[in-house]
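Remarks on the structure that follows.
What follows is calculated from the coordinates using simple rules that are stated; it is not laboratory data. All values derive from a computational prediction rather than experimental measurement. All Cβ positions, glycine included, derive from the backbone under ideal geometry; neighbour counts span all protein chains shown.
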Amino acid sequence: MRVLPVVPPRSPSFQAVAEDVCSVLRERGFEVLEPLWEADAARMAEIDPDAVFIVMAFDTVWALGHFYMAYRAKADGRGYAFYTVVEGRVVRTPGSEWVFRELEFVAASNYVARKLREAGARVRAVIHHGVDVGEIQAAREGGLSLRRSLGFSGSDFVVGYFASDVARKGHPLFAEVARTVAERDRSVKFLVLTGGTAPEHYKGLSNVLVVPRFGAVPRGGMWRYYHALDLYAQASLSEGFGLPALEALAAGKAVVHADFEPLTEITTPETSFRVPVAEVRYEGDPTRLRCGILYEHHYYDPREFAQAILEAKGEVLRRGRGLEKLCVRRAREFDKRKLYSAFAGLLSR
């Protein structure tokens with residue numbers, strides 16, 4: 001069976017997920033074609049695949065072209081799987097009714113499935129994102145070398161956060177967390193891998209090293225960054241899944257995050273340090289003129305997040321290898337081959 005992947009070009013996480021799904025499909029005997037980086041139904045017709053695999057956010061403004069590709073594939077008798085996330089409430093925009101009536105979707109988390117169903121969308125299956133724990137573990141030594149090259153000393157306790165600069169990633173709030181931690185424990189250092197305008201929020205913070213290369217580091221190189229850490233902080237305000245949190249667990253790093261779904265689908269109480277959500281607001285993304293999602297932002301008190309990091313430091317140092325093993329064991333429950341093999345059946349229908 002010839003499968004055509006369709007993946008947005010400016011989303012490192014979607015590209016990583018699509019790459020992993022396609023690798024599993026190849027192992028299952030599928031012929032995976034070169035991906036399309038834009039929604040193009042005419043080009044799909046020229047290629048004439050047996051099935052189409054689409055990875056895209058459920059956005060009733062920006063994803064209309066991708067929705068149409070799925071509809072066209074269905075109408076032409078091709079198999080299709082539309083793998084999607086949404087980080088809040090779906091906005092049913094004028095003219096989008098056919099999307100809810102005609103298509104079925106594969107949700108990346110139980111949270112996403114619930115949000116889609118609340119909006120009236122049809123959910124075909126829930127397939128969590130997956131990882132290859134062995135591949136990530138193999139980068140351990142490279143991470144220790146990277147840590148030294150970045151200038152961290154043996155007495156530093158390094159906390160990482162890897163995210164783009166969009167508003168829902170919460171960089172202004174996390175900068176306040178770093179500022180608060182600096183006042184209480186100067187041995188805690190932060191490694192923030194990001195891009196765009198996000199570095200501006202960390203100016204003047206001597207305990208924060210910003211690497212402005214988000215999206216530019218090859219995946220194999222990313223595993224080294226996780227292994228350079230002692231602890232990972234998923235400081236985002238909303239998520240459709242939260243792949244970096246899972247990748248951190250696969251590297252044996254416990255995760256500090258605000259206590260909301262779907263992050264709580266990934267971590268367990270034993271592998272995470274959860275910060276209470278102080279307020280939930282539904283907001284548009286100021287980086288876009290208009291979109292089909294009201295983002296569900298979970299705001300936390302930066303002082304409480306800072307306290308969670310300091311408590312986590314004590315636990316990481318005390319429990320050491322035992323905590324690391326718990327994290328890796330949890331990540332193995334999201335084995336990409338086990339999870340993504342389900343797409344073989346969905347595409348063959």
Everything considered on the Cα gyration tensor (a ≥ b ≥ c; rounded for a/c under 1.5, else prolate if a/b is larger than b/c, else oblate), the range 5-84 must be described as oblate
Across Tyr282, Tyr295, Tyr226, the residue with the highest GNM fluctuation in the chain (Cα network, 10 Å cutoff) is Tyr282
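Percent antiparallel among DSSP beta bridges with both residues in the chain, to the nearest 5?
Looking only at bridges with both residues in the chain, the antiparallel portion is about 15 percent.
Write out the trypsin sites (Lys or Arg not before Pro) in the range 74-146 meeting two conditions: DSSP loop, and at most 15 other Cβ atoms within 10 Å of their Cβ. It would help to have the intermediate numbers written out before the result.
Values: sites: Lys74, Arg78, Arg89, Arg92, Arg101, Arg114, Lys115, Arg117, Arg122, Arg124, Arg140; in loops: Arg78, Arg92.
Counting only loop positions with at most 15 other Cβ atoms within 10 Å, the trypsin sites (Lys or Arg not before Pro) in the range 74-146 are Arg92.
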Once both label points are put 7 Å beyond Cα along the C-beta direction, the Asp335-Arg101 separation in nm becomes 4.4
Between Arg140 and Glu34, the two model label points (7 Å from Cα along the beta-carbon direction) sit apart by a distance in nm of 4.0
Descending packing, highest mean Cβ count within 10 Å first, for 311-321, 194-204 is 194-204, 311-321
Taking Cα pairs closer than 8 Å and at least 6 residues apart, the relative contact order of the range 133-332 in percent is 24
For the chain, the dipole about the Cα centre with charges only on Cβ (Lys and Arg +1, Asp and Glu -1), to the nearest 20 debye, works out at 500
Distance in nm between Lys74 and Asp185 label points, each 7 Å along Cα→Cβ, equals 5.1
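Mind giving me the FRET efficiency for Arg89 and Thr197? R0 is 22 Å, r the Cβ-Cβ distance, nearest 0.05 is fine. Intermediate results must be reported in sequence, preceding the final value.
Details: r = 26 Å, r/R0 = 1.17.
With a Förster radius of 22 Å, E is 0.30.
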The chain: spread of alpha-carbon positions along the three principal axes, whole Å, largest first, is 61, 41, 32
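Would you please classify the overall shape of the range 133-332 from the alpha carbon gyration tensor, given that a ≥ b ≥ c denote the square roots of the eigenvalues, rounded means a/c under 1.5, and beyond that prolate means a/b larger than b/c while oblate covers the rest?
Details: a/c = 1.35, a/b = 1.30, b/c = 1.04.
Since a/c stays below 1.5, the shape of the range 133-332 is classed as rounded.
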For the range 133-332, the count of lysine pairs 8 or more apart or interchain whose alpha-carbon atoms are under 23 Å apart comes to 10
Ranking Ala248, Trp62, Gln137 by how far each Cα lies towards the positive end of the charge dipole of the chain (+1 on Lys and Arg Cβ, -1 on Asp and Glu Cβ), the top one is Gln137
